[in-house]
1. Return one number: the angle in degrees, 0 to 90 and rounded to the nearest 10, between the long axis of the Cα atoms of helix 123-140 and the longest principal axis of the Cα atoms of the chain.
2. With the radius of gyration and the Kirkwood radius both derived from the Cα set of the chain, what is their ratio Rg to Rh?
3. Using alpha carbons only, how many degrees (0 to 90, rounded to 10) separate the axis of helix 4-15 from the longest principal axis of the chain?
4. What angle, in degrees between 0 and 90 and rounded to the nearest 10, separates the Cα long axis of helix 143-152 from the longest principal axis of the Cα atoms of the chain?
5. Among all lysine pairs in the chain that are eight or more places apart or on different chains, how many have alpha carbons less than 20 angstrom apart?
Amino acid sequence: MNNNKTIALVALAEEVRQKIFCLEDNRALFEKLEGMGVELLGFFDEEISALLKWDNVYQHPIIAVNDRDSEKKQIFSLAHEIGHLFIDYGWLPEPYKNQNDFNDLEGVLSITHYRRPDNAQDESVLEQEAMMDDFARNFLMPYEDVKKLLADNGFHAERTIGQLVERYYVTELTARKQLAFVKNGGT
């Protein structure tokens, strides 16, 4: 990794996973978020995979994921929105946050659309969303863990991908992208 931003993103994702969420199994993410005061909702839509909203009355974030998606995709969407919470808004869950830290937030903070060729978005939005995807993958499959697993497998990509899918409960596509990210040194 040669980019300071990427190094910081990978480190933040691992810190958030290990020190704040104490997450060992990605399937526990739903429960962990609710335990931290995040309201989780589901919805059905063909264009949107997730959204992040701030409830100014009860002073907590709301993350809604698309119920049409598989559980693995929903977990990825949750991790993506966690990236927005920490990186874009400096959010900290109970008991770390100061009650008045987020008084200025209100309404929808982030909407994540499915990225399709016919779904044109501004270049800066695409860059921001790509960064949140990098955060999500590194949150769900820590960089150093993937690097070690690849080495332990004799750098056999397909075996490593299968183990990432099994161990971290992610989609094959997400595992492939994270493996490519690690193999390319975080780029």
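Rule-based calculations on the coordinates, nothing more; no lab input. Computed from a predicted model, the values in this text were never measured in an experiment.
1. The two axes meet at around 70 degrees.
2. Values: Rg = 16.4 Å, Rh = 17.1 Å.
Ratio of gyration radius to Kirkwood radius: 0.96.
3. The answer is roughly 80 degrees.
4. 20 degrees
5. The result is 17.
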